[in-house]
Every structure is written in structure tokens, then in C-alpha cells.
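What follows is a single structure, written as C-alpha cells, with notes after it.
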Amino acid sequence: KAQSPRIEAPSSQENGRQGDIKSTSISLSHNGNSLEKYCWSQDKEEVQLSIWIETGIGAKRVGVVVDKDNKRLDIKVDNKIYLSGELTYDVEVDEDYDGGIEWQLDSVESKRRIAITLKKKCPIQGATLWWSRCFKREEKLDTSKIKDRRKGSKGMREAWEEAHKLFRAKVAKQRPTYIDDDGNIVDVDAKS
């Protein structure tokens, strides 16, 4: 059974900042989604997850871990689960990072955030997997409407049309090849 990401209610100090966080979240949710306490964006290779926390929290108080099956992401503050959820898609784990995931603390427009980079794991080499949601309990996005997905479509269409035009011209110049009942090629011009 999939579990929803757990999100703490904002403190009274944060209530005044919610409007600011929402506008910042929207700008950080390119090709992704913006929710109350976090937002995520994506490109062809990575998902950037931004989780808003109280100012004054240092990196030693934060832990970010993806489980060994690359399916569950846990974010802890002061050794307590701050946000936890089952990821919709597999991610690549990098043993060079504590917890297997690249993350950092930074500030965006005077707000503190945990910025997590999730490297997409695509089952087909060379293909791009656009995520419809980060956590399984989120509402799905319509990935066919992702603007970055359409980059290069015009160029591809023009290249296809040009190749198709050249193919038709080449086929129009070809003469048919005739084969007799014994499998021999018959030169039609020689019989004329």
C-alpha cells in the first residue's frame, strides 16, 4: 500500500511566510509540481526536490536517505521524520553521498530549503522518462503537456519531412525488377 508523503503543519512563525513560499515553489516546479511544503522540477536527467524548513536549521540536523531499493525517500530533521514517501520511479543511488543522494541546504528568497537532486533511472538507454509525479500519492501530471518534452519537435518534424521527400524522389526514379519463374532477373529493356 502506497503511503502519502508526511508533511508537518507549518509553525506559527511560518504561517506568515506561506504566500512567499508558494510563489517561490511555483518558480521551482518547472515540469513538476508545487505542494504545500515542497516542490519539484525536472529535466531529462534529474529531478530537483525542494523542501522548505525553518530558518536556522543547519546541515548537521538534517538527514536525507533513499532506501536500498531506491523507492523510499526519508528526510529527517533532528532525527525525526520531516517528510517521507514512496518515490514513483527508481533513482540512481550514488554511494559517494551520505544516504546515497546528493543534497544541500541553501536559501532561496530568504527561505531555508533542503535541495535534493534525484538522478532518474530510465529502463531504456537513450530514452527520456518524464515523471508524472515525485511521490506515489501525488496527483499525476499530464506529461504530454511538458514544454521541455517538445523541445526539438519542430526540427525532428522538418528532418522527417525532408528525409521522406528524398525517399519519394529516390523511389520515383527506380525501375521495377522482374524475376521469372526460375528466380532469374529479367532485363525488360533487352526484350524490347
Mind running the shape call on the stretch 43-162? Use the C-alpha gyration tensor, a ≥ b ≥ c as the square roots of the eigenvalues: rounded below 1.5 for a/c, prolate if a/b tops b/c, oblate otherwise.
prolate
About its Cα centre, what dipole magnitude does the stretch 36-103 give when the only charges are +1 on Lys and Arg Cβ and -1 on Asp and Glu Cβ, stated in debye to the nearest 20?
460 debye
Above 22 Å lies some portion of the pair distances; for the stretch 99-176, what is it as a whole percent of all C-alpha pairs?
59 percent
With every protein chain kept in place and a 1.4 Å probe, the stretch 38-192 has an accessible area per residue in Å² of 68 Å²
Check: C-alpha center the stretch 51-93 vs C-alpha center the stretch 94-173, spacing in Å is 23 Å
Once you've got the Cα coordinates, tell me which of Lys68/Lys147; Lys68/Lys140; Lys120/Lys165; Lys145/Lys173; Lys111/Lys147; Lys80/Lys145 are over 30 Å apart.
Lys68/Lys147; Lys120/Lys165; Lys145/Lys173; Lys80/Lys145
Could the peptides 73-85, 89-101, 29-41 be put in order, highest first, of the mean number of other beta-carbon atoms found within 10 Å of their residues?
29-41, 73-85, 89-101
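The values are calculated or read from the model by the stated rules, or taken from the named source; none is laboratory data. Please read all numbers here as calculations on a predicted model, not as lab measurements. Every residue, glycine as well, gets a Cβ built from its backbone with ideal geometry; the counts of neighbours run over all protein chains shown. Side chains included, ligands, DNA and RNA excluded: accessible areas come from the protein's heavy atoms. Shrake-Rupley method; radii C 1.70, N 1.55, O 1.52, S 1.80 Å.
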